[in-house]
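Take a look at the structure set out below.
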Amino acid sequence: MPDNLDQKAREILRANDKGGFTIPTAGLYPYQWNWDSVLVALGFATFDEARACAEIETLFEAQWEDGLVPHIVFRRNDPDYFPGPDVWQAGESMPTSGITQPPVAATVVHELWSRSDDSAIKVRMLALFPKLLAWHRWFHRYRVPDGVGAAVITHPWESGRDNSPEWDHPASAVDVSGVTPYERRDLQHADAAMRPTKLDYDRYIAMVEFGRNTGWDHEAIATRGPFRVADVGMTMILLRASRDLMRLAEELGDTEAMAELQGYVNQLEQGADYLWDDSIQAYCSRDVITGRHSGYITSGSFLFAYAGVGSATQRAAMSRHWDRISASCRYMCPSHDPDDVLFDADRYWRGPVWLVVNYMLARGFSESGLDDWARRITEDSRELIREHGFYEAFNPQAGTGTGGEEFSWTAAMWLAWLRPAAEKARELAS
Ligand code: DGY
């Protein structure tokens, strides 16, 4: 019943709204997460544009002096989450984590700015431009090394795709022998079979402790950190966001920023080629310490269209992977290649479908004329919500929900993208 789903989605956003910022879901994630908040703003914008602006503005209140926008903002202490602010010991204007997350913000700000008819909303969105530019500069200062050109993550949590098999091999070099004993809290709220393993967590905490021991010195983390991987998802999202930020710079008539951003775009386009793995004929993440490709195709690999990269030959090769994967999965797009032995249909980013990634994929596909792919992914996503509800993620074969329930960004995807009214608005706008 679409009407009820619209209402339910709005109720989820309101229930998770903690006053200017939204938590992803109660219990499992009780704070403000970076890319969750930004994508959730798209949902708020369908019924309260001012509230959508506030979601992004509150995230940027936690921006560091050097431009970093942290992956978690701890506005109040919640002992139910680990690792909390006392473990991170980071943040400037307020307690935060010490790492970042995929920079979808410029793309969403551009979207909210271009769709709004309200001049006050437009002004608020354009006012974020200097902050967005500072964040992109931060990436190019610390995370886009010369000769690589792709965006490097220094912790799997930065990718937002926490336990993707792409991180297994690079993280195996992380020494976990000195990790301070800890108690996981996530398993009180979610099924262990749907969460990262104990070994994953030991490595996550070892990497947090490494960063904390440097005093969150990002120069040191970028040059000496134990985990440095050029992430296909982060790179494609940053590249797309840089193009959208350039559009905002153009609107502002800021030719200097436009030139600077064009330089970033050129670098990241080269970075996409750094990520191209000839042996499997696909974009995939790559360890910058060893130069080793992960060799894994993930949903992030298909973000090439969203980022606007790929020669005709590269796109034809990606198309063969799409055909293979879409023939074997009931619901597209699994987060990990279903033909790989590490595929796990219920375990977080090792198989389940995530609707926020699907949203970006569908956008990229329709902009690239890959209409059948866009249609497939849109219809599958819509059916997942209709049949199973607003889960964190979904099993790509059974469609059943995985992880947390009443999830903010899944509700936002319904409102902004999947409900029939949203589709109609998009068709009219294009
Ligand atoms: C978690 O706690 O599982 C988060 O994904 C970290 O960002």
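A few notes on this one:
- Entry comment: accessible area of the chain is 36 Å² per residue, from protein heavy atoms only and a probe of 1.4 Å.
- Here is what passes the span test in the chain: the DSSP H helices with alpha carbon length of 27 Å or more along the helix axis and a Kyte-Doolittle mean of 0.5 or above are 232-252.
- Inter-label distance, nm, simple model (7 Å from Cα along the C-beta direction), A127/A259: 3.0 nm
- Per-residue HN-Hα couplings for the range 188-197 [Karplus 6.51, -1.76, 1.60; θ = phi - 60°; Hz; x = Gly/Pro]: 6, 10, 9, 5, 4, 6, 10, 10, x, 7
- FRET efficiency, 1/(1 + (r/R0)^6) with R0 25 Å, evaluated for D80 and K198 via beta carbons: 0.85
- Rg/Rh for the range 217-271 (Cα atoms only, Rh after Kirkwood) is 1.10.
- Under the Karplus curve 6.51 cos²θ - 1.76 cosθ + 1.60, θ = phi - 60°, whole-Hz ³J(HN,Hα) for the range 337-347, x wherever Gly or Pro sits: 4, x, 8, 8, 5, 7, 4, 9, 4, 10, 9
- Per-atom-type breakdown for the chain gives carbon and sulfur 48% of the accessible area (1.4 Å probe, protein chains only).
- Hull-based mean projected area of the range 1-96, where the convex hull spans the alpha carbons, in square nanometres: 6.4 nm²
- Projected label points at L342 and R315, each 7 Å from Cα along the beta carbon direction, are separated by 3.0 nanometres.
- A simple count of charges around F227, restricted to other residues whose Cβ falls under 15 Å of its Cβ and scoring Lys, Arg +1 and Asp, Glu -1, yields -2.
- In this rough spin-label picture, where each label sits 7 Å from Cα along the Cβ direction, the T180-D372 distance is 5.5 nm.
- Two-decimal ratio, the chain, of alpha-carbon radius of gyration to 2.2 N^0.38 Å: 0.90
- Rounded to 0.05, the FRET efficiency of the S114 and N213 pair, given R0 = 56 Å and the Cβ-Cβ distance, is 0.80.
The values are calculated or read from the model by the stated rules, or taken from the named source; none is laboratory data. Note that this is a predicted model, so its numbers are computed, not measured. Heads up, the Cβs are rebuilt from the backbone with ideal geometry, glycines too, and the neighbour counts pull from every protein chain shown. Areas reflect the complete protein model, heavy atoms only, side chains present, ligands, DNA and RNA absent. Shrake-Rupley method; radii C 1.70, N 1.55, O 1.52, S 1.80 Å.
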